2 protein chains.
Amino acid sequence: MLLSKSCVYGLRASLFLASREQGEFIPIRTMSDKLEISFHFLTKILQQLTAEGILESFKGPNGGVRLTKPGSEVPLMDIVLAIDGSQLLTECALGLPGCGIKNPCPLHDKWAETRDAIREMLEHTTLTELVDKGKAENLRLTTEGGFDILFDD
Amino acid sequence: MLLSKSCVYGLRASLFLASREQGEFIPIRTMSDKLEISFHFLTKILQQLTAEGILESFKGPNGGVRLTKPGSEVPLMDIVLAIDGSQLLTECALGLPGCGIKNPCPLHDKWAETRDAIREMLEHTTLTELVDKGKAENLRLTTEGGFDILFDD
DNA sequence: GGTTATTGAGACTCCTTTGTCTTAAAATAA
DNA sequence: TTATTTTAAGACAAAGGAGTCTCAATAACC
């Protein structure tokens, strides 16, 4: 598995937030319902994103969480790093500690190329880009239904 | 983590086997010692590769395991599929079941490209290719020491 | 002030992966 | 046939990720 489940949930939730009016606080309960993710689990994940400064939260009625920056300025990489760390982008494919240009394993060069492709993708794809695509083509963030169901009330 | 630990161990062991004379049975104990992998754990992993027909085994004195085909005909993909399955190459990056061209998530297209890069790399890299590189440059398959230490007796 | 809606924090359970151990089965050699 | 060397199989334990639950803290509204 490339990304942990926590990370995937974090990405889906971030996309959901980016699809809403910026500045609006969205209750986690709303997101967990719409995205079909366990409320308590999602809460823990979003706490990490809040701690990293990607989200900000507000307690009490009309509270919730929101992005600290416009989704167009948030690459997927930010969320991946906040939740899964840099492991994916630094670790040796053969699991050898300290594998690098200085002291590589036989797979190092080839893997470094592939890894760069992953890095590029995560760095150059923003939340807004995906949200726009999702809205335009009514793509899905949930098991069933399209983007539109996220806006039913 | 891209590949499971079992898969990484399976790759290292397969590279070790490909570095030896073809046809020679190598005891798993020898490999677990040289590669610094738990003997019992490695045994279980190699049993999977044997079950998949990538290795064949022989019990008793002078027994061990060996590749069923020359290492030049074994792409890394074979080992990855045998141990981790096709998950990595088929699964949606956002974890949505049934994500595909028909019913994609917003990340689908971008992820499909990246995934193809991984697939290409695994399909087009053979054990022998890495072994040759490892021998030529004395690269490592273990935490310390180069390729040569695998041949000390 | 009291009630309600919300996030924060931490204990706890459950499941999968990782790793260990024991015993059986097979092959060899004495 | 007996002892030895090896893989095979499966039970078991340890660790980490995934998920649940409870209670505290904060803010709004009545």
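Here are a few things to note about the model shown:
- Selection from the range B:115-144 of residues that are part of a helix (DSSP H, G or I) and more than 20 Å from B:Leu2 (Cα to Cα): B:Thr128, B:Glu129, B:Val131, B:Asp132, B:Lys133, B:Gly134, B:Lys135, B:Ala136, B:Glu137
- Filter result for B:Glu123 (more than 9 Å from chain A (Cβ to nearest Cβ) and modelled with pLDDT of 95 or more): yes
- Whether a residue is away from chain A (no Cβ under 14 Å) and among the small types (Gly, Ala, Ser) was assessed, and B:Gly63 passes this test.
- When restricted to residues that are without any contact (Cβ under 8 Å) to a residue 40 or more places away in the chain, more than 8 Å from DNA strand D (Cβ to nearest atom) and out of contact with any Phe, Trp or Tyr (no Cβ under 6 Å at 6 or more places or on another chain), the range B:57-102 contains 20.
- Only one of the listed residues (B:Ser4, B:Ser38) is closer than 19 Å to B:Leu141 by Cβ and free of Cβ contacts under 8 Å to residues at least 24 places away in the same chain. That residue is B:Ser38.
- Taking the criterion of being at the interface with another protein chain (Cβ under 9 Å from one of its Cβ atoms) and either among the polar types (S, T, N, Q) or open to solvent by 60 Å² or more (accessible area, probe 1.4 Å) (or both), the residues of the range A:136-153 that qualify are A:Glu137, A:Thr142, A:Thr143.
- Helices (runs of 4 or more DSSP H) completely within the range A:13-89 that count 2 or more residues being near DNA strand C (Cβ under 8 Å from one of its atoms): A:28-35, A:39-51
- Among the residues of the range B:125-143, the one identified as among the basic types (Lys, Arg) and within 17 Å of B:Glu73 (Cα to Cα) is B:Lys133.
- Just so you know, in the range B:1-37 the residues that are open to solvent by 70 Å² or more (accessible area, probe 1.4 Å) and within 14 Å of chain A (Cβ to nearest Cβ) include one that is farthest from DNA strand D (Cβ to nearest atom), and it is B:Glu36.
The values are calculated or read from the model by the stated rules, or taken from the named source; none is laboratory data. Bear in mind the structure is a predicted one, so any value in this text is a computation, not a measurement. Methodologically, a virtual Cβ is constructed for each residue, glycine included, from the backbone with ideal geometry; neighbour enumeration extends over all protein chains shown. Each accessible area value is taken on the protein alone, full model and side chains, heavy atoms only, with ligands, DNA and RNA left out. Shrake-Rupley method; radii C 1.70, N 1.55, O 1.52, S 1.80 Å.
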